[in-house]
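To start, the structure under review is shown below, and the notes come after it.
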Amino acid sequence: MEGVCVLPVKVLSREEKERILSTLEVDREFRYALMGLLGFKELLERFSRLEERQSKLEERQQRLEERQLKLEERFARLEERQQKLEERFARIEERFSRLEERQLKLEERFALVVERQQRLEERQLGLEERMAKVEERLARVEEELRDTRRLMFAISHRFGMISEAGFREAMKYVVQEVLRVAKVEKWVYRDEEGVVYGYPSVIEVDVAVHDKTHILVEVKSRVSRGDIAELARIRDLYEKVKGVKAKAVVIGGFIDPKAYESASKLNVEVKPMVEEKQL
């Protein structure tokens with residue numbers, strides 16, 4: 001080739017090669033010079049840079065390992081806290097379980113109490129019903145006894161065993177029961193004009209006032225039409241003297257059926273001492 005100088009290549013013998021290798025092992029300068037000639041210097045610099053980079057990587061790796069260690073410690077602490085929380089939740093759940101069992105037992109006991117109370121209420125209701133029936137029967141018996149007593153007084157008066165005055169005195173309580181008043185007073189008046197009997201006379205009648213209503217009451221063992229007319233005239237006299245409207249009521253043991261007709265016409269109320277069916 002034009003312009004190129006080609007040097008002849010000498011082939012080294014075996015002895016020369018061994019001598020060079022031996023010199024490389026003992027002679028550092030010769031070794032470095034040879035390496036420079038062969039381009040090893042550049043390689044060494046590259047190796048140096050690589051070692052430097054590797055060192056930095058190792059430092060970074062160490063820092064990462066330290067951070068990882070710290071994270072693991074934090075995770076360990078978190079796991080420990082989580083375990084404690086789980087233990088606390090387990091204890092809380094256990095307490096709730098016991099509370100639920102107690103609540104269930106209380107509900108069962110409450111249901112038993114309610115059932116017992118219901119049975120007691122039923123028994124009480126039965127007792128109250130029986131008491132009501134007993135009281136009703138007692139009231140009927142008392143009413144029958146009162147009616148019997150009134151009837152006995154009426155019969156005694158009819159057959160002369162008791163006077164009219166005695167009969168009227170005995171029947172005072174009957175007036176209070178029938179009219180439902182606490183007090184009955186006697187009205188005495190001198191009838192000079194003879195309104196009641198047609199001639200001057202002294203008029204006596206029992207008077208009760210109930211809810212501002214004046215009630216004239218006459219109690220007789222036997223009530224006739226004449227008794228009804230007499231009480232009606234006394235009422236008219238009372239209204240004239242007192243200037244008030246009055247109500248006339250006659251209470252009798254034996255009542256003439258014709259007396260009811262007169263009472264209806266003269267506006268006089270007739271009350272038997274006992275029911276007609278008992279007479």
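A few points about this structure:
- For segment 208-232, a residue qualifies if it is in a strand (DSSP E or B) and over 54 Å from the mean Cα position of the chain (by Cα), and the qualifying residues are 216, 217, 218, 219, 220, 221, 222, 223.
- Candidate set: segment 233-258, residues that are of a type outside the set (D, E, K, R), in a helix (DSSP H, G or I) and at pLDDT 90 or above; chosen: the one nearest to residue 183 (Cα to Cα): 238
- Residue match in segment 170-190 (condition: in contact with a Phe, Trp or Tyr (Cβ under 9 Å, 6 or more places away or on another chain), assigned to a loop (DSSP other than H, G, I, E, B) and either at pLDDT below 80 or over 18 Å from residue 238 (Cβ atoms) (or both)): yes
- Picking from residues in segment 208-224 that are at negative phi and surrounded by fewer than 17 Cβ atoms within 10 Å (Cβ to Cβ), the one that is modelled with the lowest pLDDT is 210.
Yes or no, residue by residue, for (1) of a type in the set (S, T, N, Q); (2) modelled with pLDDT under 85; (3) open to solvent by less than 100 Å² (accessible area, probe 1.4 Å):
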| position | (1), (2), (3) |
| --- | --- |
| 97 | yes, no, yes |
| 105 | no, no, no |
| 108 | no, no, no |
| 111 | no, no, yes |
| 117 | yes, no, yes |
| 136 | no, yes, no |
| 142 | no, yes, yes |
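- Residue list for segment 260-275, restricted to those being surrounded by fewer than 23 Cβ atoms within 10 Å (Cβ to Cβ), free of Cβ contacts under 8 Å to residues at least 60 places away in the same chain and outside any strand (DSSP E or B): 260, 261, 262, 264, 265, 266, 267
The values are calculated or read from the model by the stated rules, or taken from the named source; none is laboratory data. Because the structure is a prediction, the values reported are computed rather than measured. Note that each Cβ is placed from the backbone with ideal geometry, even for glycine, and that neighbours are counted across all protein chains shown. Each accessible area value is taken on the protein alone, full model and side chains, heavy atoms only, with ligands, DNA and RNA left out. Shrake-Rupley method; radii C 1.70, N 1.55, O 1.52, S 1.80 Å.
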